[in-house]
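The values are calculated or read from the model by the stated rules, or taken from the named source; none is laboratory data. Here the structure is a predicted model, which is why all the values come from computation and not from measurement. Here the Cβ positions follow ideal geometry from the backbone for every residue, glycine too, while neighbour counts run over all protein chains shown.
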Amino acid sequence: MVKKILAIVSCILAVGAASMEAEGPANALPRSAPEEQGVSSSGVLAFVEAADREIDALHSFMLVRHGHVVAEGWWSPYGATSRHSLFSLSKSFTSTAVGLAVAEGKLSVDDEVLKFFPEDAPPEPSANLKAMRVSDLLRMSTGHETEPSLSGSPVWTKAFLGHPVPHKPGTHFRYNTPATYMLSAIVQKATGSTVLEYLRPRLFDPLGIEDPEWGTSPQGITLGGYGLSIRTEDIARFGQLFLQKGTWRGRQVVPAAWVDAATARQTSNGSDPRSDWDQGYGYQFWRSRHASYRGDGAFGQFCIVMPDRDAVVAITAGTKDMQAVLNLVWEKLLPTLREGRLPVDPESDKKLRDALGGLKVRLLEGSGSPGPAAGQSGKRFAFPSNDEKIEVVALEFDDDAGAATLVIRREGVDQRIACGRNQWTKGRLALGPTDEQPVAVCGAWIAEGTYAAKICLYETPFCLTVSLRFSGDQVLFDAEYNVAFGPTKRPQLVGRRE
């Protein structure tokens, strides 16, 4: 009898351990083999391989089906524990804060915008400005012809309200990041908390989104339209919350009515059936093809929700072509989502796991050598005054073209950057006016006498490639980002040996 009881207890403990392993840490989404959730491993593998081959570059990917993560991968040096800048995907979180404040009776979508900022209103507000409501901010129909500029103003709300409103609010779609900032400012006025503070106990904590980072304006208002930084699984949880009509583990976290309103087509924004940016706009969510909706951000940050397929896709990236990413989702991933369980496919499942485990942002490759630069190791090259504020550059390397250390002196401070050879080497670096941040660096002699270093700021979409071409007593310094809101290539600098 004792043996029988012990066997039963052992069985219960084993089942419990297996259950905990499937669920993972607290608040983590449960994991599952793809076929168990009606997803073809070979189909997901085709998507991953195509993305790795055709998109430069995805940083992470997570597919959730029937509430289970069935595939997840990060392109090294990006990883599961690292946050990633969301850019305009932040807007969907600000919309959620508005919805929660509405549910608590703090404000209404029919409230006039001027109601919240009488001290910032122009002396004689126009009729269109007086007519602008919170709902117009939410659906990007403020009546603006051009986007207001806020950054140069000491008071951003005042700059927004002072911008011309030539169209009647609600009649003209104009994607407008400052409008989302105004939503953030309204939430703060109505609740007494920043959007980040307001969402922490109401959204972030219930979903297990730990330590979200979100910048503020000079007035201490959460940026709203951009600036949120969280992890890939956090994006997936947010999408799953909306897929579940605002419920999370039996609790109504966001009102279902708000989920429906925010993700519905609130305004028209185009008619091209091939474009995912012409399918209509909700309350800070985009409508997409294939009866889906999404939050998205510059350079490929996506939270894609497919209610008809009971699926969520979370993606972070640093790409210039966001439509290409969505095209791959529809062409490669969508057909893999089937009804019912699929037969177990151990071979394809292993291939998928191996592929997801070996992803890597493309390393710099080179077959060059120091050549005539062999004697320049450690030599310092000084630059005339320049916008990049680079004063001195040096490269320390071995004659066998092994790993190197790049030294850049900016505003009187030397920064030493270890460059991995055929691998990413992690460190910290301050670029321009930004604070020091995590980076991963690889380098190679890409031509005789020319060394290049690829600096990946792996909590952002950005990679900076710098090259040093040694010629006699001078060095030519070139720098180019993978993506940027302006020109990606910086002006060439010419340094002379000290």
_Matching residues in the stretch 83-93 - criterion: being of a type outside the set (Ser, Thr, Tyr) and surrounded by 24 or more Cβ atoms within 10 Å (Cβ to Cβ)_ = HIS84, LEU86, LEU89, LYS91, PHE93
*Given the structure, is ALA101 in contact with a Phe, Trp or Tyr (Cβ under 8 Å, 6 or more places away or on another chain) and modelled with pLDDT under 95?*
no
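Output the residue which, of all residues in the stretch 480-496 that are free of Cβ contacts under 8 Å to residues at least 24 places away in the same chain and either in a strand (DSSP E or B) or within 20 Å of GLY443 (Cα to Cα) (or both), is nearest to the chain's Cα centre (by Cα).
Per the criteria, the residue is TYR481.
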*Which one is surrounded by the fewest Cβ atoms within 10 Å (Cβ to Cβ) among residues in the stretch 349-366 that are touching a residue at least 24 places away in the same chain (Cβ under 8 Å) and not in a helix (DSSP H, G or I)?*
GLU365
*Can you pull out the residues in the stretch 266-288 that are within 21 Å of the chain's Cα centre (by Cα), under 24 Å from MET182 (Cβ atoms) and surrounded by 20 or more Cβ atoms within 10 Å (Cβ to Cβ)?*
TYR281, GLY282, TYR283, GLN284, PHE285, TRP286, ARG287
*Can we say VAL109 is in the same structural domain as LEU328 (by TED's automatic domain parsing), touching a Ser or Thr at 6+ places or on another chain (Cβ under 6 Å) and outside any helix (DSSP H, G or I)?*
yes
*On the given criteria, is PHE477 closer than 16 Å to GLN415 by Cβ, more than 25 Å from the chain's Cα centre (by Cα) and either among the aromatic types (Phe, Trp, Tyr) or part of a loop (DSSP other than H, G, I, E, B) (or both)?*
yes
_With aliphatic (A, V, I, L, M), more than 17 Å from LYS189 (Cα to Cα), surrounded by fewer than 20 Cβ atoms within 10 Å (Cβ to Cβ) and at pLDDT 95 or above as the only criterion, which of ALA71, ALA80 stands out?_
ALA80
*Positions within the stretch 470-480 being crowded, with 19+ Cβ neighbours inside 10 Å and either farther than 29 Å from PHE302 by Cβ or aromatic (Phe, Trp, Tyr) (or both), in sequence order*: PHE470, VAL475, PHE477
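Tell me which residues, restricted to the stretch 289-318, are on the phi > 0 side of the Ramachandran plot and surrounded by fewer than 19 Cβ atoms within 10 Å (Cβ to Cβ).
Passing the criteria: HIS290, ALA291, ASP310.
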*Residue by residue through the stretch 407-458, note down the ones that are more than 28 Å from the chain's Cα centre (by Cα), among the hydrophobic types (A, V, I, L, M, F, W, C) and buried (at least 20 other Cβ atoms within 10 Å of the Cβ).*
ILE408, ALA444, TRP445
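The rows are residues; the columns are (1) closer than 23 Å to MET322 by Cα; (2) touching a Lys or Arg at 6+ places or on another chain (Cβ under 6 Å); (3) of a type in the set (D, E, K, R).
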| residue | (1), (2), (3) |
| --- | --- |
| LEU243 | yes, no, no |
| GLY250 | no, no, no |
| ALA256 | no, yes, no |
| ALA262 | yes, no, no |
| SER271 | yes, no, no |
| GLN284 | yes, yes, no |
| GLY300 | yes, no, no |
_Evaluation of PRO218 against (1) assigned to a loop (DSSP other than H, G, I, E, B); (2) under 17 Å from the mean Cα position of the chain (by Cα) (one fails), failing number_ = (2)
*Taking the stretch 136-168 on its own, how many of its residues are touching a residue at least 60 places away in the same chain (Cβ under 8 Å), surrounded by fewer than 18 Cβ atoms within 10 Å (Cβ to Cβ) and not β-branched (Val, Ile, Thr)?*
1
*Kindly list the number of the only condition in (1) under 30 Å from LEU457 (Cα atoms); (2) without any contact (Cβ under 8 Å) to a residue 60 or more places away in the chain that fails for MET132.*
(1)
_Go through the stretch 230-255 and report how many residues are in contact (Cβ under 8 Å) with a residue 60 or more places away in the chain and charged (D, E, K, R)._
3
*What is the number of the single condition among (1) at pLDDT below 95; (2) under 30 Å from ALA261 (Cβ atoms) that GLY371 does not meet?*
(2)
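Condition check ((1) farther than 24 Å from SER292 by Cα; (2) among the acidic types (Asp, Glu); (3) at pLDDT below 95; (4) buried (at least 20 other Cβ atoms within 10 Å of the Cβ)) across all residues:
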| site | (1), (2), (3), (4) |
| --- | --- |
| PRO201 | yes, no, no, no |
| ASP205 | yes, yes, no, no |
| GLU210 | yes, yes, no, no |
| GLY215 | yes, no, no, no |
| ILE221 | yes, no, no, yes |
| GLY225 | no, no, no, yes |
| ARG231 | no, no, no, yes |
| ALA236 | no, no, no, yes |
| GLN240 | no, no, no, yes |
